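Have a look at the structure below before the remarks.
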Amino acid sequence: MNPDTLFYIIITILIVDFIFDKILDRLNANHFNDPVPDDLKDVYDNEEYEKSQRYKTTNYKFSTLTSTISIVATLAFFFLDGFDFVDRLARNSSNNEIVIALVFFGIIMFASDILSTPFSYYHTFVIEEKFGFNKTTKKTFFIDKIKGWIMTVILGGGILAIIIWFYKVTGANFWLYAWGLIAVFTIFMNMFYTRLIVPLFNKQTPLEDGSLKNKIEAYASKIGFNINKIFVIDGSKRSTKANAYFSGFGSQKQVTLYDTLINDLEEDEILAVLAHEVGHYKHKHIIFNLIASILLTGITLYILSLFINIPEFSMAIGVSQPSFHAGLIAFGILYTPISELTGLIMNFISRKFEYQADHYAKDTYKAEPLITSLKKLSKNNLSNLTPHPTYVFVHYSHPTLLQRMRKLKA
Ligand SMILES: [Zn+2]
């Protein structure tokens, strides 16, 4: 296929993806003012409900603005031969393919991060601040940014360098080696994420002694879960929003509760949330997601290997010389329809898993405190109580509050 045709296919995918996203956002926004279902009438009082309406509208407008700027900038970059310009810069810096690729991605990622930083700054310090969510200091914001860059350079750069090396040494078979590398890395990160990455950004402490710990201890021993695997994280360092999650497997499994969650909820509600998280573990959701992500990576890399050798592929993004890194950009965009589809499937499965975890909490603990905790968390996060079903189908990894409540009461 000729590079010009591929170029226009890439542009079409970018534009169609953008329009589809905007239509969904609009559809969802049209239902912001729907009547609140009877079962959820007690989530907000009038004043808080109006605040949640303003929050949704503000975020909707802000995301429309930023995504429009982003698509315009991306298209301009394509039509003004931006990739060719960056490719030439990278080629001037070295003769080594691996160094060229690292410089190429380094420039593109650094530039796009610099462009998006004012928007994330505005979102944190103007929007989140105005609605009372923000606890991040400017210092933390910028230190987070720098830590993020360092991690991307070391981990992202390291993995990319090794994959290109595989490609140079083994040719079309590189995908098998790359798959092995990414699989090992994914398993390693899954196991040690809470030990190696989380401490770079947050403090984790074991549960404090007291009545909460005693209650958790009683529940944990009933279902056979080790109490020493429950940690509290200082989420309040950045935001008032609360959360909890299960991570790792084998000896590295752990439940993490945000300090904000512990402050916002009653003890039996915290226990219900904890029971839900343990449910994810007991139903082997962590292992399923891990295996699914490794399989998807393998399929993606295999398809990549079929295309990466074709020079027209990399030439499609306007560079004058074919290369692995240019082919990777073209592939990344051409693959969007497939990755959107797998995203839909993974969200669908994730919502099923949430019901299973809720059911586990109901079975081994109680349904009522889980319902009240979900309501409180929705209220504290100013959540949308009336999302559009199509929007939920595409974007939600969790069922809506109403859906979860109805299942829990059934
Ligand atoms: Zn869950």
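No value in this document is a laboratory result; all are computed from the given coordinates. Quick caveat, the model's predicted, so the values are computed rather than measured. Positions of Cβ are backbone-derived with ideal geometry, glycine not excepted, and every protein chain shown enters the neighbour counts.
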- Label 7 Å along Cα→Cβ of Ile338; the stretch 12-26 residues with amide nitrogen under 20 Å? 12-18
- For the stretch 298-347, report the translational diffusion coefficient in µm²/s to the nearest whole number, using Stokes-Einstein at 4 °C, 1.567 mPa s, and a Kirkwood Rh over Cα pairs. 114
- Quarter of Cα convex hull surface for the stretch 261-384, i.e. mean projection, nm²: 10.4
- Ranking Tyr49, Val278, Leu341 by how far each Cα lies towards the positive end of the charge dipole of the chain (+1 on Lys and Arg Cβ, -1 on Asp and Glu Cβ), the top one is Val278
- Taking +1 at the Cβ of each Lys and Arg and -1 at the Cβ of each Asp and Glu, which of Phe166, Ile187, Phe119 sits farthest along the dipole of the stretch 101-187 towards its positive end, judged by Cα position relative to the Cα centre? Phe119
- FRET E, pair His283, Asn263, Förster distance 22 Å, beta-carbon r, rounded to 0.05: 0.15
- Item | Antiparallel bridge percentage (DSSP; both residues within the chain; nearest 5) | 65
- Message: Output the 0 to 90 degree angle, nearest 10, between the alpha-carbon long axis of helix 157-170 and the longest principal axis computed from the alpha carbons of the chain.
- Response: 50
- Query: Rounded to the nearest 500, what is the chain's calculated 222 nm mean residue ellipticity when only DSSP H runs of at least 4 contribute -39500 (n - 2.57) each, over all residues?
  - Reply: -22500 deg cm²/dmol
- Order by neighbour count: Tyr245, Tyr396, Tyr258, fewest other Cβ atoms within 10 Å first, most last. Tyr245, Tyr396, Tyr258
- Query: So, with +1 on the Cβ of K and R and -1 on the Cβ of D and E, and no other charges, what is the size of the charge dipole of the stretch 118-198 about its Cα centre, to the nearest 20 debye?
  - Reply: 200
- What list of whole percents do you get for P(r) of the chain, with Cα-Cα distances grouped in 20 Å bins up to the one holding the largest distance? 21, 55, 23, 1
- Task: Sketch the reach of a paramagnetic label on Lys130 as a point 7 Å from Cα along Cα-to-Cβ, and name the residues of the stretch 52-81 whose backbone nitrogen lies under 17 Å away.
- Result: 52-67
- Item | Inter-probe distance in nm under a simple model that places probes 7 Å from Cα toward Cβ, at Phe249 and Asp363 | 1.9
- Task: Can you tell me how much longer the chain between Asn92 and Met346 gets when fully stretched, taken as 0.36 nm per residue apart minus their C-alpha distance, in nm with one decimal?
- Result: 87.2 nm
- Placing +1 at every Lys and Arg Cβ and -1 at every Asp and Glu Cβ, with all other atoms neutral, what dipole size does the chain have around its Cα centre, in debye to the nearest 20? 620
- Item | Pairwise FRET efficiency - Phe142 versus Lys213, Cβ, R0 = 30 Å, nearest 0.05 | 0.25
- Item | For the stretch 61-128, average projected area of the Cα convex hull in nm² | 5.2
- Note on the structure: Using alpha carbon centers only, the stretch 363-393 is separated from the stretch 170-226 by a whole-angstrom value of 25
- Item | Entries of Lys213/Lys366; Lys237/Lys407; Lys41/Lys362; Lys147/Lys168; Lys61/Lys241; Lys138/Lys241 with Cα pairs more than 26 Å apart | Lys237/Lys407; Lys147/Lys168
